[in-house]
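Here the structure comes first, spelled out in structure tokens, and everything after it is commentary.
Each reported figure results from applying straightforward, stated rules to the coordinates on display, with no laboratory input. Worth saying up front: this structure is predicted, and the values here are computed from it rather than measured. Every residue, glycine among them, receives a Cβ derived from its backbone with ideal geometry; neighbour counts consider all protein chains shown.
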Protein chains: 2
Amino acid sequence: MQISQLGEFGLIQRIKNALPHPPAEVIVGIGDDVAVLKVSDSEYLLATCDVQVENVHFSRSVISPYQLGRRIAAINVSDIAAMAGAPLWALVSLTLPRELETDFVDALYEGMHEQLNLAGAVIVGGNLSRIEKDIVIDLCLLGKVTPDNLLLRSGACKGDLILVTGWLGDSRAGLELIRRPELIISENSRKQVVQRHLTPQPRLREGQELGSSALVHSLVDVSDGLISDIGHICRASRVGAEIWLGNVPISSAARETAHAAGQDVSAWALAGGEDYELLFTASPDASAEILSLLEERTGTPCSVIGRVVDEAEGTHLLLENGTKMALPEGSVGWDHFTSARP
Amino acid sequence: MQISQLGEFGLIQRIKNALPHPPAEVIVGIGDDVAVLKVSDSEYLLATCDVQVENVHFSRSVISPYQLGRRIAAINVSDIAAMAGAPLWALVSLTLPRELETDFVDALYEGMHEQLNLAGAVIVGGNLSRIEKDIVIDLCLLGKVTPDNLLLRSGACKGDLILVTGWLGDSRAGLELIRRPELIISENSRKQVVQRHLTPQPRLREGQELGSSALVHSLVDVSDGLISDIGHICRASRVGAEIWLGNVPISSAARETAHAAGQDVSAWALAGGEDYELLFTASPDASAEILSLLEERTGTPCSVIGRVVDEAEGTHLLLENGTKMALPEGSVGWDHFTSARP
């Protein structure tokens, strides 16, 4: 069997099943974006890594090395944010073709450093190697969180509301404009969504506020796409979910882009991914408090976009006209081995 | 300027120079194989990563996925051993072509798991991604060490003796036999050196014994090659070194291979690299005690192969006939961007 038949998540599950059950100090292991490791009773170590592969995740003709550095750092910081943690230290593994210019490496590190510095983290090591063709950048980010503040995918309860920070679909809109620069939209909108795609801003302070509020039951970041990421919460928490399409926050810039492209902006918001917003659940009572707390302390708007239901009800979308659409598990969102960029 | 003009170590220095000085909790940062990070007064976190790139570090026609898994785990464990630390947790980033068989991934993880398990470490996460062509495996290994046991490159003192565990040159001999299987040598010798190349055994217990002995001044593992790795100690410690060629430990299997290949076994031992032995310095008084301690507790033989001299004297080789040969800094050993496999 080829790995493309199994898919990314199938392969992860296969790897997990083949390895022995980890010891108790591994609070969260294989299958999550971040490993949670008990270093003491008062502190957990967080460890995550994310790879950017040339001609899979990026093209040198589209993203500058500085932007690429910011982007890979942001993706990792977002993973730590989704645990309500604080980033500390980064290791960077680079595989580079021999003929690459040193300027590229300089700008890449400048970008990584700037984004990590915003998050309070520093680059402490890594590895350099040669490759024949495509550049591969693997950033491993370590962070910390107190056991009380840690938020996982697995805490959602039936009856919770589902909330998301910011806007969904901007990154997918930015990708559309990069591919089809001839599309006519306002310069401000173009700049906004292209920037959201190339150099996303992780919701680090928001994650930390959610962790310390003691009001949130489960948390992930929106990297694969809303439908896929709410699926991660549902599977880990053994619940179902109902997403209220009319409440999903979509920016006017994304709407403008989708209109110009003749495409469905809702599909971008639901399945586009790479927005790096935070998606979380909390009891209805707590939700109002969280909305005002986040707005007040971080300035970030937040939307209630659905509710957690019984596992038996599955995951579905509620349209504004009252129609319910079932969302088959794992059918929407990014999978490295089975998806192709549309 | 292209990175091949700067070389691997030049590029690392350039990256280090461009970044701000790290905060005090970063005990060892960029430029070493392992980052040392202060998590508390009584414990340091160790973090290292090493990459294996297809058609640069390995060929699927030569190494099995199981052996490859053992090999990449061993290389990382050796880095932790060279800090006198204990491995704990591993993250594995894989970039794989879509058409790869799942059997390959199964066997790769089996190999990584077995080698890590021997070292007391578990796989806790990672990242899967697609790549068009060459497989890239990045293993990030975390470990711990107490501040008292930590050994660095930077502690060598003038007058120290230089010691090394085991034998040097076996890995290079194994590589020769993989390339030239037609060479006629005994089956036992062939098996020994090929195994040392494909699945090296890290000197983990030896490193830990050296750390807790409180007798050792500086320590590295022999990954780039003896001459290159003693250079790391010399630069970090601001000393020079004299290597006694007649004392460098070379196995009869490596000698047999070099003879059959019509090559110089001393060159393999001095510059071949990838033996993953431990290279360290200690005062002459302590050296005898260390030799018996290591032999008694681990069964591993150890050789005195030179002495630490004043920085102004540089690094040189002392031949058995008394001839001194200067070793120009950085001229011998593996460099990812400037070296080609001979």
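Quick check: pseudo-label points 7 Å beyond the Cα along Cα→Cβ at residue B:311 and residue B:118, how many nm apart are they?
3.9
Among A:172, A:60, A:71, which one shows the highest mean-square fluctuation when chain A is modelled as a Gaussian network with alpha-carbon springs under 10 Å?
Of the options given, A:60 has the highest mean-square fluctuation.
Could you size up the charge dipole of chain B around its Cα centre, putting +1 on the beta carbon of Lys and Arg and -1 on that of Asp and Glu, and report it in debye to the nearest 20?
The calculated dipole for chain B is roughly 400 debye.
Which ³J(HN,Hα) values, rounded to whole Hz and listed in residue order, are derived for the range B:269-279 from phi using the Karplus coefficients 6.51, -1.76 and 1.60 in 6.51 cos²θ - 1.76 cosθ + 1.60 with θ = phi - 60°, glycine and proline given as x?
With the stated coefficients, the range B:269-279 comes to 5, 7, 10, x, x, 6, 7, 6, 7, 9, 10 Hz.
Need one value for B:51-57: mean number of C-beta atoms belonging to other chains within 10 Å of its residues' C-beta atoms. Walk me through the numbers before you get to the answer.
Working: counts 11, 2, 6, 2, 4, 5, 4.
Averaged over the peptide's residues, the number is 5.
Go through the protein assembly as shown and flag any cysteine with no other cysteine's C-beta closer than 4.7 Å, please.
If one checks each Cβ against the other cysteines of the protein assembly as shown, A:157, A:234, A:302, B:157, B:234, B:302 turn up with nothing under 4.7 Å.
Once the Cβ-Cβ distance between residue B:283 and residue B:146 is put in as r, and R0 is 22 Å, what FRET efficiency do you end up with, to the nearest 0.05?
Once rounded, the FRET efficiency stands at 0.50.
So for the pair residue A:247, residue A:13, with labels modelled 7 Å out along Cα→Cβ, what separation do we get in nm?
Computed distance between label sites residue A:247 and residue A:13 equals 2.9 nm.
Helix check for chain B. Which DSSP H runs span at least 18 Å along their own axis by Cα, with a mean Kyte-Doolittle hydropathy no less than 0.0?
Span-like helices, by this rule, are B:65-81.
Hey, for residue B:252 with labels 7 Å out along Cα-Cβ, what do the inter-copy distances come to in nm, ordered shortest first?
Between copies, matching label points for residue B:252 lie 8.6 nm apart.
Excluding residue A:165 itself, calculate the net charge of residues whose Cβ lies under 9 Å from the Cβ of residue A:165, where each Lys or Arg counts +1 and each Asp or Glu counts -1. Can you show the working numbers first?
Details: positive: A:203; negative: A:206, A:277.
Taking every Cβ under 9 Å from that of residue A:165, the sum is -1.
Wrap a convex hull around the Cα atoms of chain A, take a quarter of its surface area, and give that in square nanometres.
Numbers: hull surface 73.3 nm².
For chain A, averaging the hull's shadow over all directions gives 18.3 nm².
Tell me, what is the Rg over Rh of the range A:32-145, with Rh the Kirkwood radius over Cα pairs?
Taking Rh as the inverse mean 1/r over Cα pairs, Rg/Rh reads 1.00.
Quick query: amide H of residue B:277 versus all other amide H atoms, modeled in the peptide plane; which residues come in under 5 Å with a sequence gap of 5 or more or a different chain?
B:222
What are the distances, in nm and sorted shortest first, from the label point of residue B:314 to the label points of the same position in each other copy, with each label point placed 7 Å from Cα along the Cα-to-Cβ direction?
In ascending order, 7.6 nm.
Which distances in nm, rounded to one decimal and ordered from shortest, link the label point of residue A:114 to the equivalent label points in the other identical copies, with labels set 7 Å from Cα toward Cβ?
Label point to label point, same position, other copies: 4.8 nm.
Which pairs break 23 Å Cα to Cα here: B:16/B:38; A:133/B:191; A:16/A:38?
Over 23 Å Cα-Cα: A:133/B:191.
Evaluate E = 1/(1 + (r/R0)^6) for residue B:64 and residue B:40, where r is the Cβ-Cβ distance and R0 equals 45 Å; express this FRET efficiency to the nearest 0.05. Provide the component values of the computation, followed by the final result.
Values: r = 41 Å, r/R0 = 0.92.
The calculated FRET efficiency here is 0.65.
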